[in-house]
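Everything below concerns the one structure shown next.
The values are calculated or read from the model by the stated rules, or taken from the named source; none is laboratory data. The structure presented is a predicted model; accordingly, all values stated were derived computationally and were not measured. Please note: Cβ atoms are built from the backbone with ideal geometry, for glycine as well, and neighbour counts cover all protein chains shown.
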Amino acid sequence: MKQTMKRLSALLLVAALLALTLGACGGNDKPASSGTNSGGNSSTPVSNTGDDNNSESKGNDGEIVTLKVWGFTNAAPNADQINAVAEAASEITRKELGVEIEMTRNFDPEKMNLAMASGEAWDLFNIHSFPGGIQALVTNGYASPLDDLLAEYGQGILERQPEAVRAGSTIDGVLYAIPNNADSARAAGFAMNKAVLDELGIDPAGIKTWDDVHDVLVKVKEGRSDLYPLVPSWSNGGMQEVIPYHNFGAGGAVLEDVFTDSTEVVNLYATDAYREFCERMYQWNKEGLIMPDSTTTTDNMLMQTVGFADYENIKPGKEIEIKKAWGIDAVLVELTPPYMQNAGGGWCIPESSQHKELAMQLWNLMWTNEELSNILINGVEGTHWEWKDENKDIIVAPEGIDTTGSSGYESLDWAWPNCRITAVWDGGDPEQWDKLQEFCDNARISPANGFVFNTTSVMNEVTACNNVVTKYNVGLRWGELNPDETIPTFIAELEASGINTIIEECQTQLDAYLASK
């Protein structure tokens, strides 16, 4: 009896201590009263002036929680302008969720990886350009599972995004990222400077084939010696893809053509499509149609300064996006029709976040609140843009400000959760978001859509093959290397590095995935 009473007393003591511990710690989204939590996210005590019925969903107990948001940009960000945008956005999020935003934006993969690897307490993280993509995030334990969070706090996202778009962001059936509501499908071809076409008397309606593009580049070389006919899309030989393969992100393992029903995994660099592309670019390079040093340039904005054409993703609204970025009117030449293969990019909630529930609520608000989305994408009203008229559906740059970055807030609409609820810039198509939806709805869906290759068992081979790709691919794509001489060596080194082992493993996993559908 005494032993029983002792055990009972011990159990009661443990229960009491546990209750005290839980009471002191509070929930995941209730910062300590000191105003600073272990993750580095601050909180400021304020009076709760919002709807009392919302206090539990906000999870702030009358305190404003600071959520750290890591966005994406193509240019060096202006911290003062970003802070001004974050403060304007926080005026909305404080009222709606009891949170405020601390924001940074970056495009450096090394800094992105360091931020994740060091366990910095970011609450929302844009994964565009993260090395290794969603697979690397999950393998390294950087990304939080989202299924339960999305079901409870992401109803606005679920109502607006088809499940097929999220399929490529799942690993072993678990969702870890959510693609943006932007161009989940893509077409591909060229952007060309319209003013130059007009000056040279070239009708863009007649540019439909590779040969047509070649003839235009020749005329530009002859008529505008101050411009390079073809320049990289971004630094170091960046190029938007025009070959419609499904990329599994593993040293060259792909489906060769998503417009067929084939699910055979092959080596991209051994395909006829790759060889023919490299042969064309080699010929163009010899003719002087390509910017010298394309593979080593550090300039991300060549079309704004020295270029006539570059390779581009094509979608409704792309012209106004180019106008904002480069300050030129562009003509788009589509050579590859729309298709979708595992809509990438998007955002995740890092495992290091101390406020995962609030982070999902903020994410959902970015998807559903037009005013918030407009601020994050376009900046502060009166500083970066203003309404064109009382209808408030078209925005223009304030007097004295252009849209090529001089305002200090360079932004990319597709890099934010939901650009489709924002205003359209003056000069764009008022119906561009409806047209973008139709564009995506009608795109060809890859037979491997939703499959994510788990490279864990072949990681050594993937690393070795990626090193080989780095050695040859960019030089071949920009015509600096002779494909007849280089591609056989390229393929031999890939095979020696294990590309066939990668393909075999990828095929096995893909077949199993397709059989399970």
Practice task
Identify all residues within the range 448-482 that are of a type outside the set (S, T, N, Q), surrounded by fewer than 17 Cβ atoms within 10 Å (Cβ to Cβ) and either in contact with a helix residue (DSSP H, G or I) (Cβ under 6 Å, 6 or more places away or on another chain) or at pLDDT 95 or above (or both); write none if there are none.
Solution key: LYS471
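Filter the range 337-360 for residues that are assigned to a strand (DSSP E or B) and either assigned by TED's automatic domain parsing to the domain that holds ALA115 or closer than 21 Å to GLN161 by Cβ (or both) and give the result.
Restricting attention to the range 337-360, the residues satisfying the condition of being assigned to a strand (DSSP E or B) are 337-340, 347-348, 350.
Across the range 337-360, the qualifying residues are PRO338, TYR339, MET340, TRP347, CYS348, PRO350.
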Practice task
Hey, could you check the range 466-517 for residues that are more than 23 Å from PHE453 (Cα to Cα) and not in a helix (DSSP H, G or I) and say which is nearest to the chain's Cα centre (by Cα)?
Solution key: TRP478
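I need the full set of residues from the range 306-325 which are farther than 24 Å from ASP215 by Cβ and out of contact with any Phe, Trp or Tyr (no Cβ under 9 Å at 6 or more places or on another chain), in order please. Can you show your working first?
Applying the first criterion (farther than 24 Å from ASP215 by Cβ) to the range 306-325 yields 315-317, 320-321, 323-325.
Within the range 306-325, ALA325 is the sole residue that qualifies.
Inside the range 53-164, counting only helices (runs of 4 or more DSSP H) that do not spill past its ends, which hold 1 or more residues that are within 30 Å of MET303 (Cα to Cα), outside the structural domain of ASN467 (by TED's automatic domain parsing) and modelled with pLDDT of 90 or more?
By residue number, 79-97, 109-117.
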Practice task
Being out of contact with any helix residue (DSSP H, G or I) (no Cβ under 8 Å at 6 or more places or on another chain) and surrounded by 22 or more Cβ atoms within 10 Å (Cβ to Cβ) is the filter; apply it to the range 214-257 and report the residue that is nearest to GLU334 (Cα to Cα).
Solution key: PRO244
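Restricting to the range 341-367, name every residue that is modelled with pLDDT under 95 and surrounded by fewer than 21 Cβ atoms within 10 Å (Cβ to Cβ). Steps first, please.
Step one: of the range 341-367, the residues modelled with pLDDT under 95 are 341-346.
GLY344, the sole residue that qualifies.
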Practice task
Confirm whether PRO131 is under 16 Å from the mean Cα position of the chain (by Cα) and surrounded by fewer than 17 Cβ atoms within 10 Å (Cβ to Cβ).
Solution key: yes
Practice task
Sort out which residues of the range 379-396 are surrounded by 14 or more Cβ atoms within 10 Å (Cβ to Cβ), farther than 21 Å from TRP416 by Cα and out of contact with any Asp or Glu (no Cβ under 8 Å at 6 or more places or on another chain), and write them in order of number.
Solution key: none
Handout entry: Meets criteria (in contact with a strand residue (DSSP E or B) (Cβ under 7 Å, 6 or more places away or on another chain) and either of a type in the set (Val, Ile, Thr) or buried (at least 21 other Cβ atoms within 10 Å of the Cβ) (or both)) for ILE322
Key = yes
Handout entry: Test: residue in the range 406-416 that is under 11 Å from ASN374 (Cα atoms), at pLDDT 85 or above, not β-branched (Val, Ile, Thr) and not assigned by TED's automatic domain parsing to the domain that holds ALA330
Key = yes
Problem - The lone exception for TRP367 - which of (1) aromatic (Phe, Trp, Tyr); (2) within 20 Å of the chain's Cα centre (by Cα); (3) outside the structural domain of GLY154 (by TED's automatic domain parsing) it fails - result: (3)
Completion exercise
GLY119 passes all but one of the listed conditions (1) on the phi > 0 side of the Ramachandran plot; (2) small (Gly, Ala, Ser); (3) in contact with a helix residue (DSSP H, G or I) (Cβ under 9 Å, 6 or more places away or on another chain); the exception is number (3)
